[in-house]
Ligand code: SAM
Ligand code: SF4
């Protein structure tokens, strides 16, 4: 058996140190850019079990992965999720894992925030696209702004090292709230990232028409704030600016206008254990099959992960006008 490396490096010399893991495709919201109103979710037996998720992440973290982000769907609707975070948090003690993070819509944070901090979740991203409850309802279809604001408060009280808000900006829906959302972040001592809508899955609206570029968002923000380009990096594709006179940073996630593939350090694992080597391409490896065919065999799993580095593509080629480029919804891939 060939020796296993201590680091994952792809054909283009990029080190993979970051895994985003989707732990459920289910969600209590139906955001218009993310899901259909009527969704068919995956049958439970197809999902990785919580134990399989821990096993898989352990393999990655023994291969040099330093950062794990748990996402979905809405991760906090998965049953026994506190146990899962506890287990993953423990990987910090005996693997290369340094940072455990979570992306959530915030609705379940009042129940889980404290346990998450205790388990070792360092940073948390909370999605918030509007501060107007009717509009929030229209964007999320089933979400309640009040509940999410309570979740944000619970996160503040629980003491995460850093909280960041995520806002997808859409023309004609919420682009007039760009400044209000930034002010909300500043007043709460949080960061905020603005995300360009990505063409993942078929949705009801024309994504070409709703698309709002990060440059447009930046321009609007600069009418109000003094933004200093920041060299900060969180190991993700965001570009950051510091808001002068505050603790808050503003980030931009811009897959269309600023291609970040050359510095890509990440892979994704879908809810059913498919390792995706690029968000915008279909290159993948079925890790669930390997885990189920060779239960408990860590070396087999690690060998497969190492081998997958040979098929990581050089980059994505999203085109917002051509729809849909990728048929998976964001909720399956994990945002
Ligand atoms: N449910 C959690 C949440 O909403 O934060 C985690 C999963 S969600 C898929 C992760 C992030 O992806 C959210 O910030 C969401 O706004 C974003 N997202 C979903 N669909 C998107 C799309 N088509 N384009 C850009 N961002 C998207
Ligand atoms: Fe659910 Fe998050 Fe998708 Fe909204 S963006 S539908 S909260 S998974």
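Here, each number is a calculation from the coordinates, and none is a lab measurement. Note that this is a predicted model, so its numbers are computed, not measured. Cβ coordinates were reconstructed from backbone atoms using ideal geometry, including for glycine residues, and neighbour counts include every protein chain displayed.
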>> Kirkwood Rh over alpha-carbon pairs of region 2-79, then Stokes-Einstein at 10 °C and 1.306 mPa s: what D in µm² s⁻¹, rounded to an integer?
In response: 109
>> More than 31 angstrom separation, counting every C-alpha pair in the chain; what % is that?
In response: 28
> Under the classification rounded if a/c is under 1.5, otherwise prolate if a/b is larger than b/c and oblate if not, where does region 75-216 fall, given a ≥ b ≥ c as square roots of the Cα gyration tensor eigenvalues?
Replying inline: prolate
> Once the Cβ-Cβ distance between residue 150 and residue 215 is put in as r, and R0 is 35 Å, what FRET efficiency do you end up with, to the nearest 0.05?
Replying inline: 0.55
> Taking Cα atoms of region 39-150, Rg/Rh with Kirkwood Rh, to two decimals?
Replying inline: 1.01
> Rounded to the nearest 5, what is the percent of antiparallel bridges among the DSSP beta bridges in the chain?
Replying inline: 35
> So what's the angle, to the nearest 10 degrees on a 0 to 90 scale, between helix 81-94 and the longest Cα principal axis of the chain?
Replying inline: 60
>> Students often check this: by mean Cβ neighbours within 10 Å, which of 133-139, 111-117 ranks highest, and how do the rest follow?
In response: 111-117, 133-139
> Points 7 angstrom from Cα along the Cβ direction at residue 86 and residue 45: gap in nanometres?
Replying inline: 2.9
> Calculated from DSSP H runs of 4 or more alone, at -39500 (n - 2.57) each and per residue, what is the 222 nm mean residue ellipticity of the chain, nearest 500?
Replying inline: -9000 deg cm²/dmol
> Counting pairs of alpha carbon atoms under 8 Å apart in space and at least six apart in sequence, what relative contact order in percent does the chain give?
Replying inline: 22
> Does anyone have the angle between helix 109-119 and the longest principal axis of the chain? Alpha-carbon axes, 0 to 90°, nearest 10?
Replying inline: 50
> How high is the FRET efficiency from residue 118 to residue 179, r the C-beta distance, R0 35 Å, rounded to 0.05?
Replying inline: 0.45
> If you count, for each residue, the other Cβ atoms within 10 Å and average over each peptide, how do 89-98, 272-281, 34-43 line up from highest to lowest?
Replying inline: 272-281, 89-98, 34-43
> Relative contact order of region 67-192: what whole-number percent is it, with Cα pairs under 8 angstrom and at least 6 residues apart?
Replying inline: 24
>> Defining a contact as two alpha carbons under 8 Å apart and six or more residues distant in sequence, what relative contact order in percent does region 168-245 show?
In response: 30
> Can you give me the Cα centroid spacing of region 40-98 and region 167-202 in angstrom?
Replying inline: 28
>> Shape verdict for region 142-229, please, from the Cα gyration tensor: rounded (a/c under 1.5), prolate (a/b greater than b/c) or oblate.
In response: oblate
> residue 228 to residue 205: extension gain in nm, 0.36 nm per residue of separation minus the Cα-Cα distance?
Replying inline: 4.8 nm
